[in-house]
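Report on the following structure.
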Amino acid sequence: KGVREKVRKTQRLKDLTARFPQFPMYSIFTLLSRYRHGLTQLVRFSSVGVINTAVDFGVYIALTRMSEYWSERRFAAAAVAFVLSVISSFILNTFWTFKHDFHQWHHKIVKFTLVSVGGLGLNLTVFFILNRLQIHDIVAKAGADIIVISWNFTLQKYWTFRQARSSH
């Protein structure tokens with residue numbers, strides 16, 4: 001059944017290519033199918049990033065806008081928000097994005113924590129600098145988050161969750 005389905009899909013792609021020779025659909029779909037796993041991970045990682053950015057901003061805004069205590073301690077509020085988003089990120093990326101099972105998660109937590117602590121330091125440094133430049137705290141938080149999202153994606157994907165290469 002699986003082989004017949006692949007043959008049908010290949011034939012449909014060839015038919016489309018014959019109808020539209022100026023558009024190399026076959027090669028595009030071949031590339032997409034070849035890298036489907038990586039693309040799926042990228043989409044999932046990005047979805048987790050959106051969720052965790054919402055957690056980060058939501059906690060920060062809730063703390064600083066609903067509590068006088070936290071409104072006077074914006075850097076501490078930013079750190080609390082970041083830590084909670086890191087916890088969420090670890091859980092979602094470990095079990096959903098990269099599909100590591102329960103027996104493997106503890107091997108990843110040290111690397112994940114190191115990347116996250118580095119990200120926290122980078123986040124707070126950028127946030128501090130932008131605040132010193134008198135940039136509005138929400139804009140400063142967004143700027144710091146954009147930089148840290150790039151940091152986290154690169155290191156988590158290629159270091160923390162790197163798959164061992166098979167020997168075949």
Checked segment 57-77 for anything of a type in the set (Asp, Glu) and within 17 Å of His136 (Cα to Cα); matches are Glu72
Considering segment 62-100, residues that are within 19 Å of the chain's Cα centre (by Cα) and more than 19 Å from Asp145 (Cα to Cα), and then whichever is modelled with the lowest pLDDT, we arrive at His100
Of the conditions (1) open to solvent by less than 30 Å² (accessible area, probe 1.4 Å); (2) touching a residue at least 60 places away in the same chain (Cβ under 8 Å), the single one that Ala140 does not satisfy is (2)
Review point. Would a scan of segment 116-125 turn up a residue that is more than 14 Å from Val48 (Cβ to Cβ), open to solvent by 70 Å² or more (accessible area, probe 1.4 Å) and of a type outside the set (A, V, I, L, M, F, W, C)?
Key: yes
Only one of (1) under 23 Å from Val59 (Cα atoms); (2) open to solvent by 50 Å² or more (accessible area, probe 1.4 Å); (3) aliphatic (A, V, I, L, M) does not apply to Val110, and that is (1)
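The values are calculated or read from the model by the stated rules, or taken from the named source; none is laboratory data. Just so you know, these numbers come straight off a predicted model, no measurement behind them. Backbone-built Cβ (ideal geometry, glycine too); neighbour counts: all protein chains shown. Each accessible area value is taken on the protein alone, full model and side chains, heavy atoms only, with ligands, DNA and RNA left out. Shrake-Rupley method; radii C 1.70, N 1.55, O 1.52, S 1.80 Å.
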